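Enquirer: Sharing a structure below in structure tokens format, with a few things to ask.
What follows draws every value from the coordinates through simple rules; no lab data is involved. As the structure is a computational prediction, the values presented were derived from the model and not from experiment. Neighbour counts are summed over all protein chains in view; Cβ atoms, including those assigned to glycine, are modelled from backbone coordinates with ideal geometry.
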């Protein structure tokens with residue numbers, strides 16, 4: 001009987017070891033699976049962080065470009081107005097940045113003086129945008145903000161122009177001493193220009 005008990009004890013001990021062994025293997029497999037999932041979570045977080053960093057950098061780049069554009073806008077406007085007053089609008093009205101050395105200050109001052117003088121001489125007629133002074137008016141499109149853009153001729157001038165009607169942009173218009181409306185084109189997202197022909 002003692003041998004039978006010893007055999008039963010050994011069988012029970014063997015069965016218990018098998019159960020515990022299987023439990024240990026299952027636990028080890030679960031731990032490995034959990035570790036793999038944690039690694040995937042880390043990779044996902046890193047990718048998300050990388051995307052957020054790219055978006056933040058793009059926002060900084062856009063802000064930087066807008067600030068540069070705002071900084072150079074008065075120079076662009078002055079060049080554009082100068083082209084209008086000289087009667088020869090050019091496509092070179094935009095200011096470009098370069099890394100090459102700049103012209104000497106004296107040349108720049110002379111150039112700005114000449115540009116300013118041309119702008120001053122033609123200023124009185126350039127921004128008359130009252131509809132009463134125009135003819136052959138045609139709607140040609142809209143600006144990004146929804147302002148109507150027209151082509152037209154001035155009744156007292158040769159040539160065709162493109163711009164706005166002062167009556168449609170009261171926030172950018174004022175009455176001159178002759179009672180006509182003028183437009184400050186820096187307050188609208190439409191470029192005043194003389195068309196070829």
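Enquirer: Using only alpha carbon pairs under 8 Å that are at least six residues apart, calculate the relative contact order of the stretch 127-197 and give it in whole percent. Don't skip to the end; give the middle numbers.
Expert: Details: 139 pairs, mean separation 23.2, N = 71.
Across the stretch 127-197, relative contact order equals 33 percent.
Enquirer: Could you put 143, 173 in order, starting from the residue whose Cβ has the fewest other Cβ atoms within 10 Å?
Expert: Details: 143 13, 173 21.
Taking fewest neighbouring Cβ atoms as first place, the list is 143, 173.
Enquirer: Right, here's the next one. Set the Förster distance to 35 Å, then compute FRET efficiency between residue 69 and residue 41 from the Cβ-Cβ distance, nearest 0.05.
Expert: Details: r = 42 Å, r/R0 = 1.20.
The pair residue 69/residue 41 has a calculated efficiency of 0.25.
Enquirer: Quote the FRET efficiency, to the nearest 0.05, computed for residue 14 versus residue 57 with a Förster distance R0 of 45 Å and r equal to the Cβ-Cβ distance. All intermediate terms of the calculation are to be shown ahead of the outcome.
Expert: Working: r = 64 Å, r/R0 = 1.43.
The calculated FRET efficiency here is 0.10.
Enquirer: Just subtract the alpha-carbon distance of residue 158 and residue 142 from 0.36 nm times their residue separation and send over the number in nm, one decimal.
Expert: Numbers: separation 16, 0.36 × 16 = 5.76 nm, distance 2.47 nm.
The residue 158-residue 142 span can extend by a further 3.3 nm.
Enquirer: A further question on this structure: Using 0.36 nm times the number of residues separating residue 195 and residue 31, minus their current alpha carbon distance, what extension gain do you get? Working shown, then result.
Expert: On the way: separation 164, 0.36 × 164 = 59.04 nm, distance 7.51 nm.
Taking 0.36 nm per residue and subtracting the Cα distance, the gain is 51.5 nm.
Enquirer: Let me ask you something else. So how do 149, 137, 131 line up by other beta-carbon neighbours within 10 Å, fewest first? Present the calculation step by step, with values, prior to reporting the outcome.
Expert: On the way: 149 18, 137 12, 131 15.
Ascending number of Cβ neighbours within 10 Å: 137, 131, 149.
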